[in-house]
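The block underneath contains the structure these notes are about, expressed in structure tokens.
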Amino acid sequence: MSAPGTVRAEITGRTGWLTLERPPLNVMDIPMLHALGKALHELTAQCDFVVFRGAGERAFSAGVEIRDHLPGRVEEMLSAFHGVLRQIWRADCLSIAAVRGHCLGGGAELATFCDFVIAAESAQFGQPEIRLGCFPPVAMLTYPALCGPRAALELILTGRTISAAEARTLGLVTRVVPDDGLGGAVAELLGELERMSATVLRMTRRELRRRVDASFEADLHRIEEFYLQELMKTPDALEGIRAFLEKRAPVWQSRS
């Protein structure tokens, strides 16, 4: 079960494994997002647990392809990416992110959206979208609940990168482990969960999610509309994306 160069999907017992495979930084483009959505659909129908991980040592994922934020692509990109997160939200199986290396932008949104986030000590998290004249729609919804409104404001408005230890302190990460212990920590967590009733785990997760944010899907729809119809139509949003692709400093429009 795989799409070469994008996503590798495997099943071991009750666990599905989804590996992001677009070296060197596992940046997710539109075809990869579609492949991820398809593979996730197949795994959630068969498994009690799904583990997300990045290929190689350098990154879980450095985010979504910048070119796919351009007009004519951004609608499909947002639909495909948020479709993956909607699947995680609706699924009965538990989700685990195993994070090493860079975990940025959409990669950080995907990882921190999972039920458990196990991070290697050297992992780094960040939402750099503001530097491109954009914002991270999912993090806008989830970070205030995960780490509090003030910390969410700082992370999103500065775009700074933080260590796994700081991410753990803020509530974005479940556990931080030595770099060479990431696989063992994930296996240990899966062992703990597999001793529980799968039925009760599913029911408990569902109710916990609802109590944290019963309006998530409606809120996500609203922020998608705002992102596409207002933010992405500003000159600065297009300037930030073009400046990144052209490897130059952005020239922001002066405030009128």
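Observations
- Counting all C-alpha pairs of the stretch 102-244, share separated by more than 23 Å (%): 44 percent
- Here the stretch 1-89 is described by how far its Cα atoms reach on the three principal axes: 42, 28, 20 Å, from widest to narrowest.
- The chain - percent relative contact order, Cα under 8 Å, separation 6 or more: 16 percent
- Using the 1.4 Å probe convention, the accessible area of the chain works out to 47 Å² per residue with neighbouring protein chains retained.
- In the chain, the longest principal axis of the Cα atoms and the axis of helix 30-44 are about 20 degrees apart.
- Principal axis extents of the C-alpha atoms in the chain (largest first, rounded to whole Å): 60, 37, 33.
- About its Cα centre, the dipole of the chain is roughly 180 debye, where the only charges are +1 on Lys and Arg Cβ and -1 on Asp and Glu Cβ.
- Relative contact order computed over the stretch 119-172 (Cα-Cα under 8 Å; 6+ residues apart), in percent: 52 percent
- Angle in degrees between helix 235-245 and the longest Cα principal axis of the chain, rounded to the nearest 10: 70 degrees
- Whole-number percent relative contact order across the stretch 43-170, with pairs defined as alpha carbons under 8 Å at least 6 apart: 23 percent
- Surface share of carbon and sulfur [accessible, 1.4 angstrom probe, percent] for the chain: 55 percent
- Degrees between helix 198-212 axis and first principal axis of the chain (Cα, 0 to 90, nearest 10): 30 degrees
- Mean Cβ neighbour count within 10 Å, used as a protection proxy, ranking 195-204, 64-73 highest first: 64-73, 195-204
- Computed Rg/Rh of the stretch 38-135, alpha carbon atoms with Kirkwood Rh: 0.98
- Based on DSSP H segments of at least four residues, each scored -39500 (n - 2.57), the chain has a per-residue ellipticity at 222 nm of -14500 deg cm²/dmol.
The values are calculated or read from the model by the stated rules, or taken from the named source; none is laboratory data. This is a predicted model, so every value here is computed, not measured. All Cβ positions, even for glycine, are placed from backbone atoms using ideal geometry, and neighbour counts span all protein chains on display. SASA here: full protein model, heavy atoms, side chains in, ligands and nucleic acids out. Shrake-Rupley method; radii C 1.70, N 1.55, O 1.52, S 1.80 Å.
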